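Presented below is the structure to which this report refers.
The values are calculated or read from the model by the stated rules, or taken from the named source; none is laboratory data. Only a predicted model underlies this, so the values are computations on that prediction, with no experimental measurement involved. Don't worry about glycine lacking a Cβ; one is built from the backbone with ideal geometry, like all the others, and counts go over all protein chains shown.
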Amino acid sequence: MVIFRSVFDNFLHLRRNGYFLDAVEEFKKYGGTSMNIVNFPDYNYAPEDHYTKLYEETISVAREASNRGVNTVITIGPYPLDYFYFISAGIDPILSMKTGIDLAARMIREGKADAMGEIGFPHFPVEDNVYKDSGKILEYALDVCKDYDIPLILHTEDMSSHGYAKIEEIIKKHYSIDRVMKHHANAVDLGYSTSILKSLVASRNNVRIALESGSDFLLETDYTDQREKPGKVIPVYSVPKRCEMIKNSCINYSEIFHRIFEEIPYRFYRKEFFDL
Ligand SMILES: [Zn+2]
């Protein structure tokens, strides 16, 4: 294993009843140094204080991870599928999720977390009214993030260039494009004419295409830390693993690491998290 100054996984989940700190140790073992920890939906929390409990848990999980010697970015916010949870509880989903956005913004302003996410649309086809409501929630989040200058991470279906153009139009009406990122993006998306920053799943193929493109990108695992589905997720050490691949295929690898693990994350989060 080669040690690099900064190896950043831009999007993962950690759960107390998943591999949790063992996953952090595994990440470190392969050379990982920093991670963006995103809240993982947990519908065991009652609807009334759902977001308070969820965000506090994410922040506490991140604190424990950082005690193990990794730098953390913390992302909190309503998840698009929370919509269905509130519907089945007989509660207005738009109102509840807007309250969740307000609370996340407040905690970010207090310095307890760093970014708003994952906001946007379900990743599978939904009825028109759900799509419209999700759009309203996204617009609200963009407005709040603009007011407080908070970076926003999008969760959407896989998008075509038309899909990116449509969402870019919404973003530009409400906020600045350089503070919005699409997570779980595909490398082919880098070819679309959109300035939304893309966080790519750290597969070998994505990394290969991304390097050829010369475009800005970030790498993530979207690791879900579920003991019950170990084979379904990309391993937690995938970003550090891809570093080996980049090092072996690019002479200017240290420049690339500086860009994707330090420069771009700093530009987006405005947080110096990469110096251990
Ligand atoms: Zn997502």
| query | Name the residues in the range 206-237 that are within 16 Å of the ligand (Cβ to nearest atom), surrounded by fewer than 21 Cβ atoms within 10 Å (Cβ to Cβ) and polar (S, T, N, Q), would you? | reply | THR224, GLN226
| task | Among residues belonging to the range 31-43 that are closer than 16 Å to ASP225 by Cβ and in a loop (DSSP other than H, G, I, E, B), point out the one that is nearest to the chain's Cα centre (by Cα). | result | ASN39
| field | Cβ pairs under 9 Å, 6+ apart, first in the range 164-186 and part of a loop (DSSP other than H, G, I, E, B), second surrounded by 17 or more Cβ atoms within 10 Å (Cβ to Cβ) and of a type outside the set (A, V, I, L, M, F, W, C) | value | ASN186/LYS198; ASN186/ASN206
| said: Exactly one of these conditions fails for GLY69: (1) of a type outside the set (Val, Ile, Thr); (2) buried (at least 20 other Cβ atoms within 10 Å of the Cβ); (3) closer than 30 Å to VAL7 by Cα. Give me its number. | reply: (2)
| Mind checking whether some residue in the range 7-21 is within 16 Å of the ligand (Cβ to nearest atom), among the β-branched types (Val, Ile, Thr) and in contact with a helix residue (DSSP H, G or I) (Cβ under 6 Å, 6 or more places away or on another chain)? | no
| message | Which numbered condition in (1) away from the ligand (no atom under 14 Å from the Cβ); (2) touching a strand residue (DSSP E or B) at 6+ places or on another chain (Cβ under 6 Å) is the only one that ASP178 fails? | response | (2)
| task | Tell me which residues, restricted to the range 195-221, are free of Cβ contacts under 8 Å to residues at least 40 places away in the same chain and in contact with a strand residue (DSSP E or B) (Cβ under 9 Å, 6 or more places away or on another chain). | result | LYS198, LEU200, VAL201, ASN206, VAL207, ILE209, ALA210, SER215
| query | Looking at this structure, is ALA165 closer than 25 Å to TYR79 by Cβ and among the small types (Gly, Ala, Ser)? | reply | yes
| request: Go through the range 110-127 and give me each residue that's among the charged types (D, E, K, R) and either part of a loop (DSSP other than H, G, I, E, B) or more than 10 Å from the ligand (Cβ to nearest atom) (or both). | output: GLU110, LYS112, ASP114, GLU127
| Residue within the range 181-199 that is more than 16 Å from the ligand (Cβ to nearest atom), acidic (Asp, Glu) and modelled with pLDDT of 95 or more present | no
| query | Considering only residues of the range 201-235 that are of a type in the set (A, V, I, L, M, F, W, C) and in contact with a Ser or Thr (Cβ under 6 Å, 6 or more places away or on another chain), which is nearest to ASN17 (Cα to Cα)? | reply | VAL233
| task | Count, please, the residues in the range 22-50 that happen to be buried (at least 18 other Cβ atoms within 10 Å of the Cβ) and within 16 Å of the ligand (Cβ to nearest atom). | result | 6
| message | Being within 18 Å of the chain's Cα centre (by Cα), of a type in the set (Asp, Glu) and crowded, with 23+ Cβ neighbours inside 10 Å is the requirement here; does GLU118 meet it? | response | yes
| field | Residue check, PRO240 more than 16 Å from the ligand (Cβ to nearest atom), within 19 Å of THR33 (Cα to Cα) and not in a helix (DSSP H, G or I) | value | no
